[in-house]
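Heads up: the structure comes next, in structure tokens.
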Amino acid sequence: MPIIENISNCGAEVIFSDISVNIAGVHILDKINATVPKGECTAIVGPNGAGKTTLLMTLLNEIPYTGTVTIASYEHGPKHRIGYVPQRLSFDRGMPLTVLDFMIMDAQIRPLWLGKNKKAVAKALEILAQLHAEKLANRKIGALSGGELQRVLLALALQQKPELLILDEPAAGVDFKGEYIFCELLEKMRKQMGFTQLMISHDLPTVTHHATKVICLNRKVIAQGSPKETLTHENLTAMFGIHMGMIDLKALPNNDKICNESCCKHG
Amino acid sequence: MKVAVNMVDLTPIFSAIQSVFPFECMQFNFMQQAMFAILLLAPMAASMGIQVVNFRMAFFADAISHSAFAGVAIGLLFGINPQFSMPVFGLIVGLSIMAMQRKSSLSSDTVIGVVFSAVIAFGLAVVSRDPSSATNIQQFLYGDILTIGKTNINLLIILFVLLMTFQTWGYNQMLYIGLNPSLATAHRVKVALFQYIYAGLLSVVIIFSVWAVGVLLVTALLIVPAAAARNLSRSAGAMFWWAIIISITSASSGLIISAQDWAGTATGATIILCCFCWFVLSFIIALLRGESKK
């Protein structure tokens, strides 16, 4: 179980201490020590099979692990609120479930077969509108495109009023434009709602533009810190073997916490 | 408990059934009882069937229904009334499968397959030891709603109340879990609690259904109304109501048709055939809407 105690004073939202995961004798994660700073955007990068999703699963308490995950507690309640946007939602696409049903099933206790609460509908539509997804409200969830589904999943996660937003490969299966729009929206919402963002990303340009902290992972922590400190030639080689030179280190922002891209204006 | 259960006077309900269904066959008390029982059981099975379809649990339902056979065998072996040993054994099997599915790295159909064959083998072993007990197989295979007694009807009423309470309290959460359990857990849905309660209630409903329509058709009573409802509805709320409507109309018309002289068919089979007509209709409607592949 994640231990919840007051760690907000030291500026960390999540602390992973000595996290190890062993599945069928294979070391998936080996003594991970990492922190996720509060209110910032932290990216976990690493090759396939590096244990990125596994690390998130320890945070969500979905798999057995050794070590401790400490999540900050907050003044307005002992329970932390997590919003989660999974990588690919594997679900039954034939389910007769509209986007609005999907949002409401989470927001009201009354069963959907006894109708929808007007307040819950208004609130869901408001969140969808913020993510430019209000037109999707009456569409079947199985009929959405990859990018549309990502926005709806983000809307559901934001409906939790999260203190911590976890995203697993938010841009997977989305084209460049879709990804740009998604990142822009995410950045806007983060500034507005003030949550901590923790995301896995394969896409190093996205990471360099959006993350304020990077955790380089390949079964153990290779490096952690600002993008400029961590995404070095040595670390990328250690993680990916031969890397494709996709990161232009000179193009990285000088100040670790400021990115000047239009989609990423940190306040 | 038994005293309290027997205190419920069902006569007004039976007279109401007689006036709603003004058929000659409905004059008989056993037919009124059978109609009331099937009108309780069919919507229960259909509403649980929504989740069976959403979770793809048809094989789970099969394993539980076949455990009814082993439940009867246990009753015979230890001299317990099968009406008691069947639901209790079904409940144990259902909860065990759910626990094994949650803990084991084996795929769920493998876990169910193992339990399925074990309960069948156990039932056959007991029957082969004492061939006279094989007479129970007929009822196990085809069901017999017409022999239902008042105590059983009272038990069905209690189960109906429990189950509808669950479907009111847990419908949204069950949808969430059906969609993606990890997402539901992250967003603070008590996944394990709901899965166990659901497996327990489903097991008991299945055992009662075995006794109404027989083991061969029990899965149909669960999934055919839900599958037809899925074809007809565009929202999660509508799916529930369609499943209820389809099950009630099929159950009542199936019972009445089976009692007609020109039909003379087994009740369980006739009910399922009525459900299937609904399914064909819903499938055509879905095709016309162009939604069949979505």
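FYI, it's all coordinate maths here, none of it is from the lab. These numbers come from a predicted model, not from an experiment. Backbone-built Cβ (ideal geometry, glycine too); neighbour counts: all protein chains shown.
Beyond 27 Å between alpha-carbons counts as too far, so tell me which of A:Lys52/A:Lys228; A:Lys191/A:Lys228; A:Lys188/A:Lys220 fall in that bin.
Too far apart for the 27 Å limit: A:Lys188/A:Lys220.
What do you get for Rg/Rh over region A:68-209 if you use C-alpha atoms and the Kirkwood form of Rh?
On the way: Rg = 15.4 Å, Rh = 15.9 Å.
Using Cα coordinates only, the ratio equals 0.97.
Label zone of A:Asp18 (point 7 Å out along Cα→Cβ, amide N under 15 Å): in region A:24-66 this covers A:30-34, A:65-66. Scoring A:193-200, B:263-270 by mean Cβ neighbours within 10 Å over their residues and listing the highest first yields A:193-200, B:263-270. Here is the tail figure for chain B: Cα pairs spaced more than 24 Å apart come to 53 percent of all pairs.
Throw me the Rg/Rh for region B:147-294, computed over C-alpha atoms with Kirkwood Rh, two decimals. Can you show the working numbers first?
Working: Rg = 17.1 Å, Rh = 17.0 Å.
Value, to two decimals: 1.01.
Counting Cα-Cα pairs of region B:47-107 in 10 Å increments starting at 0 gives whole-percent bin shares of 22, 43, 27, 7. Distance from the Cα centroid of region A:123-152 to that of region B:188-214 is 33 Å (rounded to whole angstrom).
Shown here are the Rg and Dmax of the Cα trace of region A:72-151, at 14.2, 42 Å. Rg of the Cα atoms in the protein assembly as shown, relative to 2.2 N^0.38 Å, amounts to 1.15. Count Lys and Arg as plus one, Asp and Glu as minus one, and take only other residues whose Cβ is under 12 Å from that of A:Leu128; the net charge is then +1.
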